[in-house]
Amino acid sequence: MNHFNYKNKSLHCEDVDIPEIAAQVGTPFYLYSKATLIRHFQAFDSAFTVDHITCFATKSCSNIGIMSLFAKLGGGADIVSGGELFRALKAGMDPQKIVYSGVGKTRDELKYGLESGILMFNVESQQELLALQDVAAELGLIAPVSFRVNPDVDPKTHAYISTGLAKNKFGIPIETALDVYRQADGLSHINTVGVSCHIGSQLTDVSPFVESLQKVKGFVTALRDTGLDIKYIDLGGGLGITYDEETPPEPAVYAKALEEELGDIGCTLILEPGRVIVGNAGILVTKVLYTKQGGKKFTIVDAGMNDLTRPSLYGAYHKILPVVDYGQGVETGDVVGPICETGDFLAKEQEVPVSKSADLLAVMSAGAYGFTMSSNYNSRPRVAEVLVDGDKVHIIRKRETLEMLIAGEVIPE
């Protein structure tokens with residue numbers, strides 16, 4: 001459920017008419033519904049009855065105005081960089097609800113995490129473990145560690161967002177991870193507290209999650225048999241949303257399946273939802289510049305692949321709706337942007353609104369991996385982000401200026 005609905009043929013975000021926002025901030029822009037964000041977070045978090053921490057996947061939507069909402073609701077953060085740690089702390093996240101994942105943490109980032117007092121590092125290699133030991137020793141601190149194990153489970157999702165197979169770069173093979181845990185147990189500035197596992201994103205079936213948890217449970221038992229005190233099981237995120245005709249399980253169904261498999265193992269469960277919370281809570285609003293008929297119908301808009309890269313990168317589908325529905329119907333064609341690339345499209349050979357110059361279009365389900373993956377390619381300023389709360393409009397990120405494009409650049413003498 002989301003709070004984007006037509007009223008008198010005009011698309012609204014909660015109680016605000018979207019054309020009014022466009023007139024105020026210009027196009028393109030990302031638009032989020034506060035009521036939807038809160039509803040989705042609470043629906044996910046409250047579905048679990050066991051001891052757990054809901055750590056929002058910062059990479060999916062990292063604006064501190066949005067992350068602060070989740071902090072106030074008791075949520076934490078799953079981070080994968082020092083920049084995301086900075087954002088999480090600025091948003092008011094409790095450091096003891098922050099977990100640090102990612103295969104390529106630098107020594108400076110390890111230091112930042114240690115000094116910030118985060119809950120734990122999800123370590124992904126033996127060399128990272130030794131680097132963390134060195135940094136912790138230099139600081140005179142103990143590093144809380146969970147190793148990300150790779151269970152070799154097929155998540156049945158797009159190859160680029162599959163992370164739990166043996167051929168993926170993430171984690172340590174579960175078959176060899178026991179030796180790494182033994183090595184960590186012998187290090188002076190490492191405290192092994194958990195096991196981490198994340199198999200991919202946009203999953204629409206609970207069975208891969210359950211299969212992963214089965215393997216992780218068996219591994220936790222083996223670790224405890226060696227005398228290690230494992231307190232946390234981090235199952236990552238990955239629950240999908242509806243973009244088109246997908247039918248992902250509701251959070252309550254997902255939670256019930258995991259809790260039944262988890263049993264009484266006595267670990268705090270860490271979850272890292274991202275897309276399932278923010279995906280359908282945000283849209284990209286763009287304006288039609290031109291239309292033309294070539295070998296097919298092209299609708300040329302002012303948003304491009306630098307603003308929303310998912311269609312170009314993954315072949316992802318986003319439904320496109322008219323912001324003002326004149327009953328003009330739909331046609332099959334491409335919605336393309338101004339970027340100088342053939343791969344610059346928001347929709348390809350799909351049903352899109354019949355439109356003309358100056359019409360506004362809404363690219364739906366763009367709240368996850370939308371703005372966070374945007375860039376300045378073709379020297380295009382990144383767009384504004386807007387949050388609606390009832391009848392109030394908050395600009396939570398100003399549109400970049402041309403001067404901001406060259407900030408930090410220098411012409412040598």
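The values are calculated or read from the model by the stated rules, or taken from the named source; none is laboratory data. From a predicted model like this one, the values you see are computed outputs, not experimental measurements. Methodologically, a virtual Cβ is constructed for each residue, glycine included, from the backbone with ideal geometry; neighbour enumeration extends over all protein chains shown.
Data overview
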| quantity | calculated |
| --- | --- |
| Near pairs, Cβ below 8 angstrom, 6+ apart or cross-chain, from segment 208-222 (in the same structural domain as G263 (by TED's automatic domain parsing)) to any residue that is among the charged types (D, E, K, R) and assigned to a helix (DSSP H, G or I) | V210/E261; L213/E261; Q214/E261; K217/E261 |
| Only listed residue being touching a Pro at 6+ places or on another chain (Cβ under 8 Å) and surrounded by 19 or more Cβ atoms within 10 Å (Cβ to Cβ), chosen from A77, A57 | A57 |
| Residue list for segment 318-327, restricted to those being of a type outside the set (F, W, Y) and closer than 27 Å to A281 by Cβ | H318, K319, I320, L321, P322, V323, V324, D325 |
| Any chance R107 is basic (K, R), under 30 Å from Q214 (Cα atoms) and either surrounded by 19 or more Cβ atoms within 10 Å (Cβ to Cβ) or over 17 Å from the mean Cα position of the chain (by Cα) (or both) | no |
| Any hit, segment 317-328, residues being touching a Ser or Thr at 6+ places or on another chain (Cβ under 8 Å), part of a loop (DSSP other than H, G, I, E, B), within 24 Å of S60 (Cβ to Cβ) and modelled with pLDDT of 95 or more | yes |
| Residue satisfying condition, being surrounded by fewer than 22 Cβ atoms within 10 Å (Cβ to Cβ) and touching a His at 6+ places or on another chain (Cβ under 8 Å), within set A43, A35, A71 | A35 |
| Cβ pairs under 6 Å, 6+ apart, first in segment 258-269 and within 16 Å of Y232 (Cβ to Cβ), second surrounded by fewer than 13 Cβ atoms within 10 Å (Cβ to Cβ) and charged (D, E, K, R) | T268/D51 |
| Qualifying residues in segment 303-336 (those that are of a type in the set (S, T, Y) and either farther than 19 Å from F371 by Cβ or out of contact with any Gly (no Cβ under 7 Å at 6 or more places or on another chain) (or both)) - the one surrounded by the most Cβ atoms within 10 Å (Cβ to Cβ) | T309 |
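For (1) over 15 Å from Y369 (Cα atoms); (2) in a strand (DSSP E or B), each residue gets a yes or a no:
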| site | (1), (2) |
| --- | --- |
| L31 | no, yes |
| H40 | yes, no |
| V50 | yes, no |
| F56 | no, yes |
| K59 | no, no |
| S68 | yes, no |
